[in-house]
Structures are given as C-alpha cells and as structure tokens.
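Just below is one structure, and these are the notes that go with it.
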Amino acid sequence: MIDLLLTRYNYYATMLLLGIGLYMLVESENLVKKVIGMNIFQTGIFLFFISLAYVDGASAPIVDKGSEVGQHVSPLPHVLILTAIVVGVALTAVALALVIRIYAEYGTLNETTIKELDHD
Amino acid sequence: MTDIRPLLAILVSAVAIPLILALRSRPNLREGVTLVVALAKFAIVASLVPGVLEGEEYVFSFGEFAAGIEFAFRADALGVLFASLASLLWIVTSLYSIGYMRGLDEHAQTRYFASFAASLATVMGVAFASNLLTLFVFYELLTVATYPLVTHDETDEARAAGRKYLAYTFGGGIAVLGGTALVFWLTGGLAGGTTSFAHGGIDGLATADPLWARAAFVLLAGGFGVKAGLMPVHSWLPDAMVAPTPVSGLLHAVAVVKSGVFGVARVVLDVYGTDGVAEIGMGLPLAAIAAFTLVAASIIALRQDNLKRRLAFSTVSQLSYIVLGLALLEGNALIGGLLHIPAHAFMKLTLFFCAGAIHVETHTDDISDMAGIGRRMPLTMAAFAVAAAGMAGIPLVAGFVSKWYLVIGALEGEYLLFAAALLVSGVLNIAYFWPIVYQAFFESPEGHDEKPLVSGPLGGRFASGDDSPARTDGGVEEGDDTDEEIPDPNHVDHLGKFHEDHEHHGGPPEGGWDERGWRGGESTWFMLGPIMATATGSLLLGIVPSTAVFLQIVTRVVENLPGVVL
Amino acid sequence: MIEHAPVLLVVVPIVAASLPIVASIVTDRAGWPIAVLGLAVHTGLAGWLLVHVHTEGVVSTVLAGFEAPYGIELYVDGLSAVVVALVGVTSFGLLAYARKAQPRSNAFYAQYLLLVAGLTGMTVTGDVFNLYVFLEITGLAAYGLVATGRKGSSAVAALKYLLLGTIGASLYLLGVGYLLAATGTLNMEDLAEKIPEMAGYDSTLIVTAFGLIVGGLAVKVALFPVHTWQPDAYSRSPDTVSALISALVSTVSAYALARLLLSVFTVEFLTEVQLAQWGLLAVASISIVAGSALAVSQSDVQRMLAYSSVSQFGLVVAGFAIATPLAVVGATVHLIGHAIMKGGLFAATGIVRRKTGATTVSEYAGLGSRVPLGAGGFAVLAVAMVGVPPAVGFVGKWYIVIGAVEAEIWPVVAVVLASTLLTLAYFARLIERLYFAEGEPIETATESEQPLADGSGEVSFGMKAVVVAAAVLTVALAAAVPIYEPTLTETLPQLL
C-alpha cells in the first residue's frame, strides 16, 4: 500500500493537473482562463497516457539500422497522444475564435456579465 | 376464415377523414359524406352478423408487428356485437349532430365531423382486434381521436376537461401496456409468448405463476377500467360532459366507455377465461368494485342538478352493471352483462339526445329549470320517459331484459349481496329519473316542488325552514341574523361546479313554456328523428329481444366460451 | 467491392468538405450544390451497405493493409449500418430544408459535410481510439455549426458546448487509456476477448475504464446531469443546425455508448459487475424523469425539445443497459425513431418561427390555423414521441418494456411506462395551445431575426417537405421494424 502511494508519481501529477484544469474551467469567470483550464485538463490526460508507455530500463522506440529489436518504450501511446495533441490544438483554436467573436459582440469576457446581457 | 371486411370497416371512415377536411366549405356535402360512410360502415359490419351467428370468425392479418406479435383483426361474436352497435348508432348520431351543430351554429364543425369519423374508425379497430397489442394500438388512437371532441368548445373548462381526459386515459393505457407485457412474458415471452385472444383463456396463463397472473389482471382490468368508469378512476367522465351533447352521447355513453367495458370483457373472457379468473380469485374483487360503483354513482347522481352531469353519473353506474355481470363469471350473468351493452347504449343515447335537444331549443341545462317543459317538448320528454323507465329496469324496455338475466345470474351464483345491489340501484334509478319526468309533464314553472336532495346542503337543514344555525342547547341564536353563507347548490354551472354569482341563462321564458303539440313542432326532425329512433330501439330490445339481433349475438358469445354453462 | 464502402463513406464527405472552401475563390454559393452531390453519393453508399448487411452480414475492412489488431479496422454490423443510413438520409434530407433557411455560406456547408464525415467515421469504426478522433471531429464541426447563428448568444452557446464536450471526450480518452493499459490493444473485437483474459471483468482497472467511458459519452449524449450544454446549443443555433444536431449528434454518441457497451465490454461484463448495470440503469431512469420534469417547466419551445431529448435518450440508454436482445432492438428502434421525430420537430418549429415569430409556448397559441403544415407536422410528431401506437415511438418503447419484463427489472419497467405520461405532460399543453386556444399577435415578430433581403420569413417547399417526410416516416418506419429485427439480432452475436 505504502509503496503504491510512493511510487506512482505519474498518477499524482495527472490528478493534480486534472484537478487544476477542471477547477479553472468551472471557477474562472474569464473565458480565456476557462480555455486555459480546458488545455491543462487535456494535458494532464496526455501526460498520463505517455507515462503509461514507460518501461523501466527500455530505450526510445527507434530501431537503428542493424540493431536488434530490444526492449523499447511502447510507441503506441505516443502516437495516440500526438493525434490527441493535434485535436487539442484544433479545439483551442476554435475556442479562441469563439472568444474573439464573443468579445466583439459583448465587449467583455466576463462570464457573469455575459449571462446577464443574454437574459435581457 | 380470412376476410378483408374487418379491415374495411375501419378504413371506410378513416378514408373519409381527409374528404371531410377537404369539404370544409361545402357543409351539406361534408355531412353527406359522413352519412354515406356511416351507412357503409354499418352495412359492412351487418354483413358479418349472419356468419358470426353460425360460429364463423373473420380474420385478417398484417403480419408481425413487434416481437412476434401480429397486427391482426378477428371479427368474432363479441367484436361484432360492439361494432354493430357503434356503427348503427353512429348513423343516428350523425343525423342528430347535423341538427345540433347547426341549431347552435357551432364553430369548427369540420374538425368535429372529421374527429367523429376518426373515432369511429378506431372503435372498429378496438372491436375487431385479435390480440391485446392491436387492441392497445386502437385504444390509444381512440383517445387521440376523441380529444378534439372533448375540447371542442375551446373554453378554459373544455381545455381543463380535455387535460383531465388525456391524463386519465393515457394513464389507463399505460396500465394496459404493462399488463400486456406481463401477459406476453407469462405465456413464454420470446419463445412462443402470445397476447392473442382465445375463447376460454390463453393456455399459457392458466399454468403461470398466480402472483404475476393476478398482477397482470389488475393492470389490465384497471387500465381498461379507467375508460369503463370504474371508481375511483371515473372522474374524467362527468367533466367530459363539457363536450357537445352528441359527443357525450355517442362517445361517452356508447363508444369510448363501451370500449373500456369491451376491454374488460376481452380480458375476462378471452385472455384469462372465466375459469382462469376464478382460479386467480379476481372475480370477486372486480365484482365488489363494480357493485360499489353501481350504488355510489347512483347516489351521487341524485345530487346533480345539471342534467348531463346526472346522466354521466348514471352512465358510470350502468357501466358497472356490465362489469358486474362479467365478474360474476356465471352464464346468465354474462348474458345479462353483455346484453346491457347494447341495451344501455340505446337508452342512454336517447337520454342524451333529449338533453341536447332541450339545450338547443331552450338553452336549459339544469333540472330545476325544467319544470313543465313537457308542454314545450312533449315528444322529447316522452322518449326521455321511456328510456328512463328502461334504465330503472321497468319491463317492456331494454334495460329490463339485461337486468333480469343479471339478477338471475347473481341469485344462481348465490351472490345475494350483488343481487341486492342491483335491485337497490334500480330503486335509485327511479329516484333520480322519475322527478324529471314527473315535473316535466305534471308541474309548471310556477308551482314545482323543491327538490331537497339537489338543493339542500349536505347534512340537511332544519325542518323548520329558516336557516338559523343550530345550537347545542336547542335554542335559536339571537341578534345575529346574518347567517353564514350557505352555498346555494342551485347555482352550479353546467359542470356541476359551484359559483356564487352565476347567472342562469336557461329556464322557462316569461309566462311559462309555450305549448308545441305532439306533431314535432318542438324541434327540428334532424334531432327528433334520432330521438324517436333510439327510443323505439330501446322498446324493441325490450319487447322482442331475440328478434332484435343483439340477444342472439350475446348468446352466441357466451356459447362460444368453453366451460360456461347456460 | 463492398469492403470499400465503409472507407468511401468517410472519405467522400471529407473531400466534399474541402471543395466549397476551394470554390469560394470563384463564388460564394457553391456550398449547397456540392453538399447535395456529396451527400447523395454518401446516402447511396449507406443504403447499399445497409442492404448488404441485411442480406449477407457483417462487413469488415482494414485500412492500408495493416491487419487488425495492429491496424485500424472498420466494422459494420446491423447496428452500425442502420445508424449510417440514418446519418446519410437525415443529412441529405435536411439539405432541402437548408436551402432557404439560414445560413448559406460556403463555410457553413463545409462544416456540414465535415459533421457528416465525423458522424460516419464514428459509426463505422472498429477501433476505440479512432472513435475518439471522429468524436472530436464531430464535436468540432458541431461547435462551429452552432456558432453560425447571427446573434452573439450563439457563440456563447457554442463555447459552452465546446468546453463541456471536450471534458466529455477527454474523459472518454482517459478510459481508452485505461483499456490500453489493461490489454494493450485498441481494436474493439480484440478488446472483447482480451478484457476477460488479461484483466478480468471485475478488476478495478476495467470498471474504472467503464465508468470513464460512460461518463465521457454521457456528456455527448446529454444525459442528466451533464446535459447542460444542450438547451442553449439547440435553442440558439439556426433552425437547420438544431434539426441536424438534435437528430444526429447525440444519436451517434449514444450509438458509440451502445457499441462500447455491447461489443467491447459485452453483456458478460454487465452480468458480472452488477453495479455497472444498475448504475447505468439508474442514470438512465433519472434522465427520463428529470428530463421530462425540466421540459414541463420550459417556456421556450426549442429548449423544451432539448430537455425532451434528455429524457428520450435516458430511455435509449436504459434499453441498451438491459442488454437482452429485445431491449437492444427496442433501444435501436427508439434511437432511430427519435432522431427522425426530433429532427422533424425542430424543423417544424423553424417553420413556425419563420412564419409567425413564435418561439415560446404561450406564443404558440392558436397557430394551428395560421401555420397548418407546421402545426400539423408538430402535432403528429409530438403524438408519436409520446408513444401512441402505431408510430415508431411506440414500437421502440414496447420492445424495451418487454425486454425489461423479461429481465425482470421492475423499476425500469415502471419508469419506461411512466415516461409516456411524462412526455405527454409537456407535449399535450403545446398541442392544446396550438389548436384549442386563441392566439394573440406576437410582438417579437419584428425583432426576431433578419431582414427579408435574404428570403427569411418565407417558408420554402423544401422546408415543408422535410416536416411532412419526417411525419410520414415515423409511421412508416414502424412497419419496417420486423424486417430489421433479424438484421440486428443476427449480427450482434454477443447478444445471442
């Protein structure tokens, strides 16, 4: 039990990042900060995935010419996360575009103010 | 044998719906379509009668509908009984509707006639369904088709009544659906489960777990019981009286409520079978509820001043005659109960038609305003008298025959309490119908008796006549003569609800009713004709019940049931 | 030949999506014709695929020759085929609606086609990570489409949708990560075998993965309580978009949930980990009740329809969670039927709004005579949604009820039966208002929406046709169910 708590650093880091991200997403009033929170949330997940791929004492997943196929870190999660990062970039881009438009229409990025303006 | 006629009976008025809607601007043509279609429908159903009397059954199937259950029709004796009754009375009601709607210059007549056509199509579907699921389909469609008729007036009351109607009937529908699912599961589910009607009961149910069989019965009987006006789920019916009178008459005395009773009949006779019901011990509870409704509704009817509301409670009471007959599981009781379906239909329709004619001609809705109206509307009130007599069970009118069988059946099964309930109800029927007839012919607007049952507050008043409140020491309170506002029950609106300052718009004109004579000068023949027709029908059913085909069909239904001894 | 169909189904809309952007060099009106062409091909392929699956069974393709489970596999069985057909037909049919309704730019149609590509991809894939990618593509296209509304509130609604949707998709991704950690594979068929072998159904890892995946997809399906993005998104987007998204996006997300439930975790998981099944049923039942309760209290009609979706998807998820063959058939039928009914309802509200400016329940009073087609279509679809037979809304419910009775899960039986009354509660007052109440002139008519220069305020034939078609289909599809039933039960072998 104790060694479980002491050795799984990647889980702590992930939980921390997920928590911070989610908190920012929910609590911040500024829309840009919400988007940042969303990014942090996603980053936590990405880091978790990649840390899963780690094999103790293994080398990077690149096969050199002539070398044998030895122990490598699993490349599959890396590939998946590359895809996911791209998706995250696209999402952030769309989100920021929306934020710009909201600013142009409402003149503010404060969530509460926008809600009040909407209800008029 | 496979025959398309059951399907045709449904389609003929379904097809009429778009026609009627399209003829919005040509009212005479539109009404003509309704009449032609009604006659055609009756002709189709009537053509099935001879074969059915011989024991034939006409089947038509569309194939599988859901989970192995077919969407199929089967015209057997019970179905033909209901269908022939409804289609015959639709002809009469359509004629009456013409007189009524035009007499009142009602709005939205196209919607009215189209909804009527839709309702009758679904009634045929209910009658001819060959399994519980198909029955359910048309049962729900019946609610949808009749809703525009209930809310026709588009007043707040009408809308409220419509909402109540939907809530109650869809609630009942849910119970029926649950019961159907249970039956399907109990008879084997995916592996051979069935909900098809089988005379004497579905085989799988007899061997099923009695607890679940009872649960399914309660759901089915309760769900159908909503439309059949069993207490305590009957209260949609008096409120639905806000609809135009032909609607109250045909639908809420003949088609919709009889479809509920029909559903109960199917459940008792063709899903569980009389033996099955006896085995799970559900016969007695159902009979007890029916008997209670019988008596309680009659008592409530005594206090109603609005004529249609009184008739509504009378309907609730009379429907329970049918359910009681079914629940007694006895040969003669079954005949009595089933015969009461057409008997009550003719009589109640007559009564409603009379009420409607009175409304159109004199704008009178309350009984207390109807003293001496026999002068103004003699034929109408005569028909009313005939039908009322039948309701009470007076011989020579239809109600007597069915009641006879019912009482005999109850006595044969040694259910003395139920026989007593039937007889008490007969007396109560006289108690609430006789004053109407008496005051119409033998009293005048100036000199009519007070009706303490209607106008008195609950709990009674002092016999001394003044309204001083009681004191425990027997003395009369001094000084304070302003008695509390005892609500005067005479001032009720046509839903029977109390209003302080309600104005009466009905009642006799100045100088009393004018005499119209017995030659039909009192109203249009569009209305008088149907009234005479249904009254005559009631008499025919009472005098020559066997020749008027209905008794034969009923006997055939009961003969078809294995295990029932006549 | 047929193996190319799943790939083409995804590729054709993607290629077609790029064309309007290219064409905008020349003209700004190229979007609609390109979309029509692309989606016509798409629908044809989808129909062919459905017929093929119905007659000959499962279609499976691997991409780029990399064999499963290392490569990405596309796997189409009875469930996927019918959903693909739905996506194709609905998106194609709504183009008739979109021609006159706003908006009409090239970019709009590019996003429209991308959405179809994403939805199709989600449906035909046989790989859980591939599902994530297409889930996000769908999401991005949907966020963009919601934002095409003219007002600022559309952008706010789109942003809210984006933020919540991303959380959902990320949770799903986390769940996939757990599955990967447990079994080392991402292929759905392979996972189904490896989960019991390598980790066991009741291991914490697998149960957590289940929870995360269900939680993530629940956001996209908009079950209670993570549905909060839906009312805003549906009511503030243009009418075409509301119809499209309400019909398809949550539907395909629910399909994804079903696919993972039945083909990856399988029925054995649900029987072994009873908590999972009961938890899912509880969430679904609460959705049914809460969605209806919230719908009754709404005054804006489109928001009411959004909450209605929450309730109806509860029904669908309940059917899938019961996981007997009949219940799954019922859930699928209701999924498809609901898509058509909800899309049609939104289309009808669009017609009503364009003709009269009415958006709230009280403004709908008396419109039965002013907008006969819109009101009539609305009434028919609403009655079908309540569950009046013989429309498709009833058939799905009936199967689910029987399935629940068979599985003897009585609370769910009661809730599903009660859902009829609950649905009636909010639809009945609207129908009553339409036909049995008097209307007053609507003041907001002058403020609502755009000047007449671009044709708004008119209701085109295409718009009416869409509503009529939806109403007709709801009844016609009910007849098709018995034909479809064996397709489903035979191609989802885990159920038998």
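Since every read-out is calculated from the coordinates, none of them should be taken as a lab result. What you see is a predicted model, and the numbers here were worked out from it, not measured in a lab. Because the Cβ atoms are built from the backbone with ideal geometry, glycine has one as well, and the counts that use them run over all protein chains shown.
Under unit Cβ charges (Lys, Arg +1; Asp, Glu -1), what dipole magnitude, rounded to 20 debye, does the range C:158-237 have relative to its Cα centre? Mind showing how you got there, number by number?
Working: 4 positive and 6 negative charges, 101 e Å.
Using Cβ point charges on Lys, Arg, Asp and Glu, the range C:158-237 gives about 480 debye.
Starting with the highest mean, order C:259-266, B:320-327, B:151-158 by the number of other Cβ atoms within 10 Å, averaged over the residues of each peptide.
On the way: C:259-266: 23.1, B:320-327: 29.5, B:151-158: 17.5.
Packing order, densest peptide first, comes out as B:320-327, C:259-266, B:151-158.
Can you find, among C:ALA181, C:LEU421, B:SER523, the residue farthest towards the positive end of the dipole of the protein assembly as shown? Put +1 on the C-beta of Lys and Arg, -1 on that of Asp and Glu.
Going by the Cα projections, it comes out as C:ALA181.
Quick check: net charge around B:HIS107, other residues with Cβ under 14 Å of its Cβ, Lys/Arg +1 and Asp/Glu -1?
Local charge sum for B:HIS107: -2.
State whether the range B:63-195 is rounded, prolate or oblate according to the following rule on the C-alpha gyration tensor (a ≥ b ≥ c being the square roots of its eigenvalues): a/c under 1.5 gives rounded; otherwise a/b larger than b/c gives prolate, and the remaining case gives oblate.
Oblate shape, in that a/c is at least 1.5 and b/c is the bigger or equal ratio.
Against the globular-protein guess of 2.2 N^0.38 Å, express the Cα radius of gyration of the range B:318-397 as a ratio, rounded to two decimals. Show your work: numbers first, answer last.
Details: Rg = 15.4 Å, N = 80, 2.2 N^0.38 = 11.6 Å.
For the range B:318-397, the normalised Cα radius of gyration comes out at 1.33.
With point charges of +1 on the Cβ of Lys and Arg and -1 on the Cβ of Asp and Glu, referenced to the Cα centre of the range A:7-120, which listed residue (A:TYR103, A:GLY88, A:MET24) lies farthest in the positive direction of the dipole?
After comparing all options, I get A:GLY88.
Using Cα centres only, tell me the gap between the range B:1-64 and the range A:76-120 in whole Å.
62 Å
Scale the Cα Rg of the range B:205-260 by the rule-of-thumb value 2.2 N^0.38 Å and send over the ratio, two decimals. Spell out each step's value before the answer.
On the way: Rg = 14.9 Å, N = 56, 2.2 N^0.38 = 10.2 Å.
Ratio of Cα Rg to 2.2 N^0.38 Å: 1.47.
First select every other residue whose beta carbon is under 12 angstrom from the beta carbon of B:LEU89; then total the charges, Lys and Arg +1, Asp and Glu -1.
Numbers: positive: B:LYS41, B:LYS258, B:LYS348; negative: none.
Residues close to B:LEU89 contribute a combined charge of +3.
With unit charges on the beta carbons (Lys and Arg positive, Asp and Glu negative) and the dipole taken about the Cα centre of the range C:275-379, which residue among C:SER297, C:ALA365, C:PRO325 sits farthest to the positive side?
Of the listed residues, the answer is C:ALA365.
Kindly write out, for the range C:282-292 in residue order, the coupling ³J(HN,Hα) from the Karplus curve 6.51 cos²θ - 1.76 cosθ + 1.60 (θ = phi - 60°), rounded to whole Hz, with x marking Gly and Pro.
Once θ is set to phi - 60°, the couplings for the range C:282-292 become 5, 4, 5, 5, 4, 4, 4, 6, 5, x, 5 Hz.
Across peptide C:164-175, what mean number of C-beta atoms from other chains lies inside 10 Å of a residue's C-beta? Show your work: numbers first, answer last.
Working: counts 2, 1, 12, 8, 0, 5, 14, 3, 0, 9, 6, 0.
Per residue, the average neighbour count from other chains is 5.
Tell me, Kirkwood radius of the protein assembly as shown from alpha-carbon pair distances, in Å? Mind showing how you got there, number by number?
On the way: mean 1/r = 0.0305 Å⁻¹.
Every distinct Cα pair counted, the radius reaches 32.8 Å.
What net charge is computed for the residues neighbouring C:ALA470, neighbours being all others with C-beta under 12 Å from the C-beta of C:ALA470, Lys and Arg scored +1, Asp and Glu -1?
+2
Starting from 0 in steps of 10 Å, tell me what percent of the Cα-Cα pairs of chain C lands in each bin.
Calculated over all Cα pairs of chain C, the distribution is 4, 21, 33, 27, 12, 3, 0 percent.
Once you have the Cα-Cα distance between C:VAL296 and C:PHE461, take 0.36 nm times their residue separation minus that, and quote the gain in nm to one decimal.
On the way: separation 165, 0.36 × 165 = 59.40 nm, distance 3.19 nm.
Here the segment from C:VAL296 to C:PHE461 would lengthen by 56.2 nm.
With N set to the number of residues, divide the alpha-carbon radius of gyration of the range B:141-185 by 2.2 N^0.38 Å and report two decimals. Please list the in-between numbers first.
Working: Rg = 13.4 Å, N = 45, 2.2 N^0.38 = 9.3 Å.
Dividing the Cα radius of gyration by 2.2 N^0.38 Å gives 1.43.
So if we plug the beta-carbon distance of B:ALA288 and B:ALA22 into 1/(1 + (r/R0)^6) with R0 = 41 Å, what FRET efficiency do we get, rounded to 0.05? List each step's numbers first, then the result.
Values: r = 51 Å, r/R0 = 1.24.
Once the sixth-power term is evaluated, E becomes 0.20.
Tell me the label-point distance for the pair C:ARG29, A:ILE62, using the 7 Å Cα-to-Cβ offset, in nm and rounded to one decimal.
If labels sit at C:ARG29 and A:ILE62, their model points lie 5.6 nm apart.
Under 23 Å Cα-Cα from B:LYS227, which lysines qualify once same-chain neighbours fewer than 8 residues away are excluded?
B:LYS164, B:LYS258, B:LYS308, B:LYS348, B:LYS403, B:LYS497, C:LYS397
Given a Förster distance of 56 Å, report the FRET efficiency between C:ILE21 and B:LEU29 from their Cβ-Cβ distance, rounded to the nearest 0.05. Kindly include the intermediate steps, with their values, before the conclusion.
Values: r = 59 Å, r/R0 = 1.04.
Working from the Cβ atoms, E equals 0.45.
Based on Cβ point charges of +1 for Lys and Arg and -1 for Asp and Glu, what charge dipole magnitude is obtained for the protein assembly as shown about its Cα centre, in debye rounded to the nearest 20?
On the way: 57 positive and 95 negative charges, 588 e Å.
It works out to roughly 2820 debye.
How high is the relative contact order of chain B, in percent, with contacts defined as C-alpha pairs under 8 Å that are six or more residues apart?
So the answer I get is 15 percent.
Compute the distance from the alpha-carbon center of the range C:218-274 to that of the range B:167-229, in whole Å.
Using only Cα atoms to place each centre, the spacing works out to 34 Å.
So if a site counts as exposed when it's one of the GluC sites (Glu not before Pro), its DSSP state isn't H, G, I, E or B, and it has at most 16 other Cβ atoms within 10 Å, what's the longest stretch of chain A without one? Walk me through the numbers before you get to the answer.
Working: sites that count: A:GLU29, A:GLU68.
Free of exposed loop sites, the longest segment is A:69-120.
In whole Å, how far is the Cα centre of the range C:329-382 from that of the range C:45-86?
A separation of 34 Å, based on Cα centres.
Expected output is a single nm value to one decimal: the length gained when fully extending between C:ALA476 and C:TRP48, i.e. 0.36 nm times separation in residues minus the C-alpha distance. What is it?
Numbers: separation 428, 0.36 × 428 = 154.08 nm, distance 2.00 nm.
Full extension from C:ALA476 to C:TRP48 adds 152.1 nm.
If I model a spin label at B:LEU417 and A:ALA97 as a point 7 Å from the Cα along the Cα→Cβ vector, what separation in nanometres do I get?
In this crude label model, B:LEU417 to A:ALA97 measures out at 7.8 nm.
For an R0 of 45 angstrom, estimate the FRET efficiency from the Cβ-Cβ distance between C:THR489 and A:VAL79 and round to the nearest 0.05.
Numbers: r = 37 Å, r/R0 = 0.82.
According to the calculation, E is roughly 0.75.
Take B:LEU53 and A:ASP118, extend 7 Å from each Cα along the Cα→Cβ direction, and tell me the distance between the two endpoints in nm.
7.3 nm
Roughly how many debye, to the nearest 20, is the charge dipole of the range B:20-79 about its Cα centre, given +1 on each Lys and Arg Cβ, -1 on each Asp and Glu Cβ, and no other charges?
Approximately 620 debye in magnitude.
Can you pull the semi-axes for chain A, root of five times each eigenvalue of the Cα gyration tensor, sorted largest first, whole Å?
Details: eigenvalues 322, 75, 8 Å².
With the √(5λ) rule applied to chain A, the semi-axes are 40, 19, 6 Å.
Quick one: which residues, 5+ away or cross-chain, put their amide H under 5 Å from the amide H of C:LEU74? H built at 1.01 Å from N.
For C:LEU74, the qualifying residues are C:THR61, C:VAL62, C:LEU63, C:GLY126.
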